[in-house]
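The structure appears right after this line, and notes come after that.
The values are calculated or read from the model by the stated rules, or taken from the named source; none is laboratory data. Everything numeric here is computed off the predicted structure, so don't read it as measured data. Because the Cβ atoms are built from the backbone with ideal geometry, glycine has one as well, and the counts that use them run over all protein chains shown.
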Amino acid sequence: MNSVIEFQNVSKRYGNRWALRDVSFTLEEGKIIGLLGPNGSGKSTIIKLILGFISPTEGSIKVFGEKIGQAALSRIAYTPEFNHLYRWMRVGDVVNFVKSFYPDWDDGREAELREFLEVDYALRVRELSRGMAERVKVLIAFARKAELYLLDEPFSGIDPYSRRKVVDALVKSLRAEGETILFSTHLVHEAEKLFDYVVFLRDGRIVLEGEADRIREDTQKSIEDVLIEISAGEKEGR
């Protein structure tokens, strides 16, 4: 099986603070990997490194077997943590504007996601709830036939109904097609059923990783409960 992302001994420092320390992992094609940890554990830093927004202080990163560059980035769809939508535009206009940039846009998948996620194209972005804005971002990312999807905290601050809709959309539209997804979150209750492989981060380091089913079997706990223990360990160490 081909490797889509490879981190080898990657560290990232901001001034005197290390955001990541000696991180190594591989994301294989057709897998959904959960990048899990409390806020500030280094998850978003990993996403930014993959996208080339920042450079590692130490170590190496390969995407699709090569160094990060425009050719590799064109094969990635991304839902950022911040709200990047154009607030004065109608949702339908935003979608039509964005799709013009991507030759891999799938109109059929867009229509399916629009219906399933209950996205109203007539609304202006400024009128959207946080949960609905997140659903629009998910639609924009997953309407593409990309080779890698990056989700950065897609559940942060949104209502339980929207979280369920997002997860169900991923299961319905993507799991059946064997897509490759890196899913960064600290809220795993709804998403746990998606993960093939999980990487747990704390204080910028990997503290546990492995096949999701194996970790459940070895610990006799859910992935959510393992994350709670890891997060509690971080607080106790401070």
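Quickly run through segment 161-183 and pick out the residues that are in contact with a strand residue (DSSP E or B) (Cβ under 8 Å, 6 or more places away or on another chain), assigned to a loop (DSSP other than H, G, I, E, B) and modelled with pLDDT under 85.
LEU174, GLU179 - these are the residues of segment 161-183 that are in contact with a strand residue (DSSP E or B) (Cβ under 8 Å, 6 or more places away or on another chain), assigned to a loop (DSSP other than H, G, I, E, B) and modelled with pLDDT under 85.
Here is a list: PHE53, PHE25. Which entry is modelled with pLDDT under 95, of a type in the set (Phe, Trp, Tyr) and farther than 13 Å from PHE200 by Cα?
Answer to the check: PHE53.
Can you pull out every residue in segment 22-44 that is over 24 Å from GLU190 (Cβ atoms) and either under 14 Å from the mean Cα position of the chain (by Cα) or surrounded by 18 or more Cβ atoms within 10 Å (Cβ to Cβ) (or both)?
Of everything in segment 22-44, just one residue is over 24 Å from GLU190 (Cβ atoms) and either under 14 Å from the mean Cα position of the chain (by Cα) or surrounded by 18 or more Cβ atoms within 10 Å (Cβ to Cβ) (or both), namely VAL23.
Being free of Cβ contacts under 8 Å to residues at least 12 places away in the same chain and hydrophobic (A, V, I, L, M, F, W, C) is true for just one of PHE101, PHE25, PHE64, PHE7. Which residue is that?
Of the residues listed, the single one that is free of Cβ contacts under 8 Å to residues at least 12 places away in the same chain and hydrophobic (A, V, I, L, M, F, W, C) is PHE101.
Keeping to segment 184-234, report how many residues are part of a helix (DSSP H, G or I) and either within 21 Å of PHE155 (Cβ to Cβ) or in contact (Cβ under 8 Å) with a residue 60 or more places away in the chain (or both).
17
So how many residues does segment 195-205 have that are closer than 14 Å to ILE33 by Cα and either surrounded by fewer than 20 Cβ atoms within 10 Å (Cβ to Cβ) or out of contact with any helix residue (DSSP H, G or I) (no Cβ under 8 Å at 6 or more places or on another chain) (or both)?
Number satisfying all stated conditions: 2.
So that you can scan it fast, the table gives a plain yes or no per residue for (1) in contact with a Leu (Cβ under 8 Å, 6 or more places away or on another chain); (2) over 19 Å from PRO154 (Cα atoms):
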position: GLY52; (1), (2): yes, yes
position: VAL63; (1), (2): yes, yes
position: SER74; (1), (2): no, yes
position: SER100; (1), (2): no, yes
position: ASP106; (1), (2): no, yes
position: ARG109; (1), (2): no, yes
position: GLU118; (1), (2): no, no
position: LEU123; (1), (2): no, yes
position: SER129; (1), (2): no, no
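For segment 121-155, what are the residues that are surrounded by fewer than 15 Cβ atoms within 10 Å (Cβ to Cβ) and out of contact with any Lys or Arg (no Cβ under 8 Å at 6 or more places or on another chain)?
Passing the criteria: GLU127, SER129, ARG130.
Looking at this structure, is TYR78 within 17 Å of GLU179 (Cβ to Cβ), aromatic (Phe, Trp, Tyr) and buried (at least 18 other Cβ atoms within 10 Å of the Cβ)?
yes
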